[in-house]
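Just so it is clear, none of the values below were taken in a lab; they were calculated from the coordinates. These numbers come from a predicted model, not from an experiment. With ideal geometry, Cβ positions are generated from the backbone for all residues, glycine too; neighbour counts draw on all protein chains shown.
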Amino acid sequence: LFVNSALLTMYGKCSSLEDAQCMFDGLSQRDVVSWTAMLAAYVELGQEDKALQLYRQMQNEGVTPSDITLACILRACSSAGILKLCRQIHDSLVSTSYTLSPLLANTLIHAYGRCGSMVDARSVFDTMPQPSVVSWTALIAGYAREGNSQASLQCYEEMQLACTRPNAVTFLSLLSACSHAGLVSNGVQYFESMTRDHGITPGIEHYGSLVDLLGRAGYFTTLQNLMLTMPMPPD
RNA sequence: GAACACGA
């Protein structure tokens, strides 16, 4: 039922895998949503192997996965770095539908990025008619993760040319890209631009990134000044 | 009713 799936989700978010598992096993009626809710709980709590196992079981019982189910599986692949399964799912999606849903395209970009294949991530991105801020951010984050900070910054330029508005997460990814490469002035510019040009109030995470950037690059006096203007003490 | 990008 509807209520059961909602409850499963709650257990997942409250980190009680046991309860979720127990409840799922006790369900008399299971539909795609219940299966997916259980999968999502496993993925959320870092049990990728369990998630994949459940996925096989689901297939064996003849339940057809929805886009959301596949997104959960891709998330499991990305955490576990299973590039092969990403490709497999991707291929089967391409062969059955002409265009990927934005959700799946975004998830694939993310998954390929986490599995270290930015070439694949980029090719998925390039098929999107209307990349959203999530798509762009996933791409930027993927390049940053790979250590290709220049590509991250370049993506950001492209994104602006495409008139897509960055959000708080986009800036976190950019700051992390700058941090890896020691691009202090770029990072500081992004930080300032975030509020000035986009009206985004920096959160504690943004300050954290900036501190990281300055610290790694040895800008200790700038860092001290920053601490004085921060709304919250460090963590 | 399940689901996407940052997360030390």
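Based only on Cα atoms, what Rg/Rh ratio does the range A:60-190 have, Rh being taken as Kirkwood's radius?
1.01
Once Rh for the range A:131-217 is found with the Kirkwood sum over Cα pairs, what is the Stokes-Einstein diffusion coefficient at 20 °C and 1.002 mPa s, in µm²/s?
Answer from the Stokes-Einstein relation: 172 µm²/s.
With θ set to phi - 60°, apply the Karplus curve 6.51 cos²θ - 1.76 cosθ + 1.60 along the range A:3-16 and write out the HN-Hα couplings as whole Hz, x wherever there is a Gly or Pro.
Each residue of the range A:3-16 in turn: 4, 5, 5, 5, 5, 4, 4, 4, 4, x, 6, 8, 6, 9 Hz.
Binned at 5 Å from 0, what are the whole-percent values of the Cα-Cα distance distribution for the range A:116-170, short to long?
P(r) over the range A:116-170, rounded to whole percents: 4, 21, 34, 28, 12, 1.
Once R0 is set to 41 Å, what does the formula 1/(1 + (r/R0)^6) return for the Cβ-Cβ distance between A:Phe2 and A:Val119, expressed as a FRET efficiency to the nearest 0.05?
The value I calculate is 0.50.
Distance between Cα centroids, the range A:42-58 to the range A:1-28: provide it in whole Å.
About 14 Å separates the Cα centre of the range A:42-58 from the one of the range A:1-28.
Provide the convex hull volume over Cα atoms per residue for the range A:191-235, in Å³.
So the per-residue hull volume is 72 Å³.
Using Cβ contacts closer than 10 Å as the measure, can you line up A:Leu8, A:Leu153 from fewest to most?
In increasing order of surrounding Cβ atoms, one gets A:Leu153, A:Leu8.
To the nearest 20 Debye, how big is the dipole of chain A about its Cα centre, given +1 on the beta carbon of each Lys and Arg and -1 on that of each Asp and Glu?
200
Under 5 Å between amide H atoms, partner at least 5 residues away or on a different chain: which partners does A:Ile200 have, H built in plane at 1.01 Å?
Residues meeting the amide H criterion: A:Thr195.
From the Cα trace of chain A, what convex hull volume per residue do you get, rounded to a whole Å³?
About 146 Å³ per residue, rounded to a whole number.
Of A:Ser149, A:Ser66, A:Ser209, which is the most mobile in a GNM of chain A whose springs link Cα atoms less than 10 angstrom apart?
Evaluated over chain A, the most mobile residue of the options is A:Ser66.
Under 14 Å from a point 7 Å along the Cα-to-Cβ line of A:Val133: which residues of the range A:151-185 have their amide N that close?
A:159-160, A:163-174
Top mean-square fluctuation among A:Gly199, A:Gly215, A:Gly116, Gaussian network model of chain A, C-alpha springs under 10 Å?
Largest GNM mean-square fluctuation: A:Gly199.
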